[in-house]
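Everything below concerns the one structure shown next.
The values are calculated or read from the model by the stated rules, or taken from the named source; none is laboratory data. The structure displayed is predicted, hence computed values, not measured ones. Because the Cβ atoms are built from the backbone with ideal geometry, glycine has one as well, and the counts that use them run over all protein chains shown. Heavy atoms of the whole protein, side chains included, go into the accessibility calculation; ligands, DNA and RNA do not. Shrake-Rupley method; radii C 1.70, N 1.55, O 1.52, S 1.80 Å.
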Amino acid sequence: MIRIDDVIEKVEQNRPNSNIDLIRRAYLFSALHHKGQTRASGEPYLVHPLAVAKILADLRLDETSVATGLLHDVVEDTLVDLDTIRSYFGDEITSLVDGLTKIAQISNLSKEKQQAENVRKMVLAMVTDVRVVLIKLADRLHNMRTMQFLKPEKRARIAQETLDIYAPIAHRLGMGKIRGELEDLSFQNLYPAEYERLSKEVESRRSELEAALTRITATIETRLKENDVPYIEVQGRVKRLYSLWKKLKKQKIVIEQVYDLIAARIITENERKYCYLALSVIHDTWTPVPERFKDWIAIPRDNLYQSLHTSVIGDGGQPFEVQIRTQDMHQIAEEGVAAHWKYKEKRLGSAEDDENLEELRRTVEKLLLPLVETNNENPDSEDFIESLKLDLFPKDVYAFTPMGKVIQLPRGATPLDFAYAIHSEVGDTCTGAKINSRIVPLKTELQNGDVVEIMTTSSSRPSRDWLNYVVTSKARNRIRHFITEQQRSESIDLGRKLLEKEADRFRLSPKKLIGNDDEMKRIANEYGLGRPEDLLASIGYGKTLPRNVLAKYLGPEKFAELDPDKRKETRLETGMRAVKKFIGLGEDAIVVKGVDNLLTTRARCCNPIRGEEIIGYISLGKGIVVHNKRCKNVKQLMVNRERIVEVEWAKIEKEEIQSVRLLVTTENRTGMLAGITNAIAEIKTGIRDASASVSRDDQGLIEVTVEVFDKRHLDRVISSVEGVPGVLAVERMNAT
Ligand code: MN
C-alpha cells in the first residue's frame, strides 16, 4: 500500500520547491472524509486516492494536481460539497475537483452504447483545464488495475468505457505508457478468454523471444559503440497484448507474421542526427524490410510522437522492429503532455517561466489540434492557469436524453433544437422542456452535460416565434415548412370564401363555379397556375382578385351584364339587406376569428379590438388585414374598392376561452407566487393551475395557466403580472 510519504518523497524529488503542506492537508482532509469507507477489495477507501496521487507524482505533475488526486472523489462519494473544498483549498483545486465530479456524472449517465465518440467529445468539451484529464486518467488507471474485485458485468462495462473513451484520450495526449496499460487491462477484462489464449501463446515463446531480444540489443550496443553513435540506452520489448491482438484480427495473420512482435528501442542523446546515424548502423547490420521504414521525426504524428521505425530481418530469419529516438522524444512518447510539466519548475511570475508556460500551452493546443477549432484570440496569456485553459469544442454542446443518449448540438442550441434533433415529430409537438428536472423556457441555452426532457402534446403545433429560439437548420427548416404548409391551407380556405362571396354578388352559384374542376383549372392556367387549389391560394394571398376570376369565367359580355356595381339592386336584395341589418348581421362578411390567424391580421396602424367596427382589406401576400372602420388609412384603401371586404368578429362562445401557460421568471424571494396569482385574480381572470420552482441561476420560475378569451385579455394579464415587484420576465408558452 502506498503511503503519503511515498507521494511526498516523489514530489520533492521531481519538484524541489513544491508546497508539501498543501499535499499533507489534502491527505488529511481526504482521510477524514473517506473514513469508514472501503473499496470492493475490502481495503480502506483511502488506498485509492493515495494511489492516484502517486501516479500523478510519478508523472511529475504539480502539487495542485497531486492534491486534487487526493481529493478527487470527496465530492462524488462523501457529503462534502464544493464550497467546503473551496474554503479549505481555494478556487483552483475546487474547479479541478468540480471538473472530475462532472466527468464522473457523465459516465454514470451514458448508459447507451455506440456513442463513444460523442461521450469522448463531451468529456473533453467539459474540461477547462488539461490537468482534469490527466487526473481522470490516473484515476481510471488505478481503478483498472484493481478491478479483479468487481463483478464481471461491471468489469466489462468499465473496460469497454476505458477502451472507447479514456485510452483514445491518453493516445491523443501522447501518453503511450498509460494508454498501453489501459488497453491491456481493458482487453483482459472485456475478452478474458481471448486474452488468456493470446497471453499463453506469447508466454510459451517468451523465453525464446527474450533470448532473441538480448542478442539483438547486445549486437546493437556493440555496433553503436563501434560507430561512435552517442546513445543513452538500448531497450527490448515484446509487443503489448492488446495491440498484438488488434493487429492479428485486423490483418488476419498469425503471430509469426507480425513484424514488430519484438522490437528494440534505441534512445540516443538529444540530437536528432544521432537517430539517423543509428538508423544507418541498423540498416548496415541487418537487411531492412522494404516499405517498413517510417520517419516520424521529420513528420511527427498528430500527438507529437517522434521516432524512426524500421523493420529488419534478424539472423535466424526472425523479423523485428527497431525504434530510434532521442531521450526527449522518448519521454514525450511515454508521458505525452505530462512530460511538458517539467517546465514548471520555478516560482510563477518570472519571465523565463512565462516563456515556458507559453510553450506548454502551445504544446497542449498542438496535441489537441485535430479536436480543436482554432480559438487563439488569447496568444499571450499571463498566468499558468490561463495557459492550461482549454476550449476544445467551442462550437459544440453535448446534452443527454433522460435515457442517457448523447445529443450533439451547436453552441447556443435550445431545448427546441434538442427536440428536433431527437425526431421531427418530437419537435413539432413540443410544449415545454425540463433541464435537469426543472422546467425552463424554450429559449434556454443548453449547457454541456444537461439532461433534457422534452414535453409533448400530440395536438400541439409549432409556432412562428420558435424561429427566434432555434439555431439548428433542421429545427428551422421543419418550423418553416410547417408554417408554409399551414399558411397555404389557410390561404386556400380564405380564397374559397372570397370567391364564394364574389360569386354571390354576381348571383352565380358558388358551388357550380368552384365545383367545376375543368373550368377552375382553365382559369388557373390562364394565371399560370397548375391546380384549382393554387388559384384559391392565390386569391387568399391577395395576388388574384375574385372579381377578375369571375371576369375570366363569364367572358366580357356576361360579366358586364351581371356586374353588381353596374346593375340595379333588385327589390328582394334590398329587402334582404334590411333584414340582415335589423337582426345584426353584417352583409357578406368574412368572419374574423382571432388575431393570431395567419391570414387575418390586425392592422398595425389602428390595432382594432373586439367590439369595434372593422373592415377588411385584401393585402398582397398577407391575406386580409383588418382595420378599424374609422382608421385614417381606410379612406386611401377605398380607392382599391375591389380589395375591400366586409368582415366581422366571430361570436365569442364559452368554449373559446383558451388556457394559456405563462412562464414567469422572478427574483428568488418568498411570496412571488402569491403576488402573481393575486395580480391575475384582481383583473378577474381564471387561473387553472400554478407552480413554482427555482432555476439553476437562482431565479424563481413560476408556471401559471390562465384562462383568457382573446389576445387583448392575455396582454392585460401579462402586463399586470409584469407589474408585480420582483417579476423579471413573462413568457408565453404553448396553450395546452
Ligand atoms: Mn476515483
Per-residue HN-Hα couplings for segment 491-506 [Karplus 6.51, -1.76, 1.60; θ = phi - 60°; Hz; x = Gly/Pro] | 5, 5, 4, 5, x, 4, 4, 5, 5, 4, 4, 5, 4, 4, 4, 8
Starting from the Cα of residue 493, step 7 Å along the direction of its Cβ; do the same at residue 527; then give the gap between the two resulting points in nm.
-> 1.9 nm
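What's the magnitude of the charge dipole for segment 60-102 around its Cα centre, counting Lys and Arg as +1 and Asp and Glu as -1 at the beta-carbon? Answer in Debye, nearest 20. Write out the running numbers ahead of the final one.
Working: 3 positive and 10 negative charges, 20 e Å.
Using only the charged Cβ atoms, the result is roughly 100 debye.
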For an R0 of 22 angstrom, estimate the FRET efficiency from the Cβ-Cβ distance between residue 630 and residue 543 and round to the nearest 0.05.
-> 0.15
Tell me, what HN-Hα J-couplings in whole Hz come from the Karplus equation 6.51 cos²θ - 1.76 cosθ + 1.60 at θ = phi - 60° for each residue of segment 262-276, using x for Gly and Pro?
-> 10, 9, 9, 10, 9, 10, 8, 5, 6, 9, 5, 5, 5, 5, 5
Approximate spin-label separation residue 81-residue 43, in nm, with each point projected 7 Å along Cα-to-Cβ = 3.3 nm
In nanometres, the difference between 0.36 nm per residue of separation and the alpha-carbon distance of residue 683 and residue 668 is 2.9 nm
Step through the table entries 177/294; 177/200; 405/474; 35/405, compare each Cα-Cα distance with 27 Å, and write down the pairs that go over it.
-> 35/405
Amide H of residue 45: which non-local residues (sequence gap of 5 or more, or other chain) have their own amide H closer than 5 Å, using H built in the peptide plane?
-> 37, 38, 39
Please work out the C-alpha center-to-center distance from segment 158-213 to segment 128-152 and express it in whole Å.
-> 16 Å
Contour minus Cα-Cα distance for residue 17 and residue 715 (0.36 nm per residue) = 244.6 nm
The set of residues whose placed amide H lies less than 5 Å from the amide H of residue 191, leaving out same-chain residues fewer than 5 positions away, is none
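For residue 427, what charge total do you get from the other residues with a beta carbon under 13 Å from its beta carbon, if Lys and Arg give +1 and Asp and Glu give -1? Display every interim value, and only then the final one.
Details: positive: 461, 474, 476, 478, 480; negative: 417, 425, 428.
Charge balance in the 13 Å sphere: +2.
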From phi via Karplus (6.51, -1.76, 1.60), per-residue ³J(HN,Hα) for segment 163-171 in Hz, x at Gly/Pro | 5, 7, 10, 7, 4, x, 5, 4, 4
Do any of 512/558; 521/552; 154/239; 511/552 go past 21 Å between their Cα atoms, and which?
-> 154/239
If amide H atoms are built 1.01 Å from N in the plane of the peptide, which residues on other chains or at least 5 residues away come under 5 Å of the amide H of residue 733?
-> 661, 662, 663
Ordering 53-66, 612-625 by per-residue average of other C-beta atoms within 10 angstrom, highest first, gives 53-66, 612-625
Average accessible surface area per residue within segment 507-548, 1.4 Å rolling probe, Å² = 52 Å²
Residue 204 versus residue 692: modelled label distance in nm, points set 7 Å from Cα along the beta carbon direction = 7.6 nm
Say R0 is 25 Å: what FRET efficiency, to the nearest 0.05, do residue 328 and residue 237 get from their beta-carbon distance?
-> 0.80
Distance between segment 242-272 and segment 677-736 - C-alpha centres, whole angstrom | 69 Å
Peptides 306-312, 333-339 ordered by average Cβ neighbours within 10 Å, highest first | 333-339, 306-312
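Under a 1.4 angstrom probe, counting protein chains only, how are 195, 398, 276 ranked by accessible area, largest first?
Output order, biggest surface exposure first: 276, 195, 398.
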